[in-house]
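**Student:** Mind looking over this structure? Questions follow.
The values are calculated or read from the model by the stated rules, or taken from the named source; none is laboratory data. As the structure is a computational prediction, the values presented were derived from the model and not from experiment. No Cβ is skipped: glycine too gets one built from the backbone with ideal geometry, and neighbour counts run over all protein chains shown.
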Amino acid sequence: MEFYQANKFDIEGVAQLFDLYRQFYEQPKNLTGAYKFIEERLSTEDSIIFVAKREGEYVGFAQLYPTYSSVSMKKVWILNDLFVMKDERQSGVAQQLLQLAIELCRQTDAKYLTLETAITNEKAQKLYEKNGFVRDTIFAHYELSFVSTDNKNL
């Protein structure tokens with residue numbers, strides 16, 4: 001198994017995983033859009049993407065975005081996407097991708113690593129809790145959507 005930070009040579013492989021990830025969250029298949037999105041993230045360097053490959057095949061990825069905590073005046077990372085192919089689940093791939101994300105936070109002296117997952121995604125919740133993540137009970141999270149409510153876009 002190979003784990004590393006993605007670069008421009010990984011766009012196609014990551015885009016395929018990203019498209020499957022979006023479908024997991026009930027979005028329509030859109031490989032062209034996924035390719036464009038991942039290409040832009042890597043070319044503008046506004047996210048960090050870690051990939052997992054087994055025998056040359058892409059089997060998982062994690063995508064993180066930087067932001068900042070004004071109160072602490074420190075960097076914060078958002079683990080926005082974590083996906084592993086169905087056949088590779090329960091094999092330690094997600095754990096290793098999560099460890100790479102945690103290490104990135106340590107290396108950049110981040111205040112914290114934050115993430116969210118679907119209430120129904122209990123397997124992911126167990127992984128995060130096993131790694132020390134704690135469900136937020138202090139802050140209420142709000143969202144203002146700019147998408148039609150009949151569209152299931154996230």
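**Student:** Would you mention how many residues in the stretch 99-118 are more than 13 Å from Leu79 (Cα to Cα) and at pLDDT 90 or above?
**Tutor:** Matching residues across the stretch 99-118 total 5.
**Student:** Residue by residue through the stretch 5-48, note down the ones that are among the hydrophobic types (A, V, I, L, M, F, W, C) and in contact with a Leu (Cβ under 7 Å, 6 or more places away or on another chain).
**Tutor:** Of everything in the stretch 5-48, those that are among the hydrophobic types (A, V, I, L, M, F, W, C) and in contact with a Leu (Cβ under 7 Å, 6 or more places away or on another chain) turn out to be Ala6, Ile11, Ala15, Ile48.
**Student:** For the stretch 1-19, which positions are of a type in the set (A, V, I, L, M) and surrounded by fewer than 15 Cβ atoms within 10 Å (Cβ to Cβ)?
**Tutor:** Residue satisfying the conditions is Met1 alone.
**Student:** Still on this structure, please answer the following. Please indicate, with yes or no, whether at least one residue in the stretch 30-39 is at pLDDT 95 or above and of a type in the set (Asp, Glu).
**Tutor:** Looking for residues that are at pLDDT 95 or above and of a type in the set (Asp, Glu), one finds at least one in the stretch 30-39, hence yes.
**Student:** Which of the residues that make up the stretch 23-38 are without any contact (Cβ under 8 Å) to a residue 24 or more places away in the chain and surrounded by fewer than 21 Cβ atoms within 10 Å (Cβ to Cβ)?
**Tutor:** Gln23, Pro28, Lys29, Asn30, Leu31, Thr32, Gly33, Lys36, Phe37
**Student:** Sticking with this one: Being assigned to a helix (DSSP H, G or I), surrounded by 13 or more Cβ atoms within 10 Å (Cβ to Cβ), on the phi < 0 side of the Ramachandran plot and in contact with a strand residue (DSSP E or B) (Cβ under 6 Å, 6 or more places away or on another chain), is that true of even one residue in the stretch 114-135?
**Tutor:** There is no residue in the stretch 114-135 that is assigned to a helix (DSSP H, G or I), surrounded by 13 or more Cβ atoms within 10 Å (Cβ to Cβ), on the phi < 0 side of the Ramachandran plot and in contact with a strand residue (DSSP E or B) (Cβ under 6 Å, 6 or more places away or on another chain).
**Student:** Could I ask something else about it? For Tyr21, are the conditions met, namely being assigned to a helix (DSSP H, G or I) and touching a strand residue (DSSP E or B) at 6+ places or on another chain (Cβ under 7 Å)?
**Tutor:** Spelling it out, Tyr21 is indeed assigned to a helix (DSSP H, G or I) and touching a strand residue (DSSP E or B) at 6+ places or on another chain (Cβ under 7 Å).
**Student:** Mind listing just one residue for me: the one in the stretch 41-96 that is of a type in the set (Ser, Thr, Tyr) and assigned to a strand (DSSP E or B) and, of those, surrounded by the fewest Cβ atoms within 10 Å (Cβ to Cβ)?
**Tutor:** Looking at residues that are of a type in the set (Ser, Thr, Tyr) and assigned to a strand (DSSP E or B), I get Thr67.
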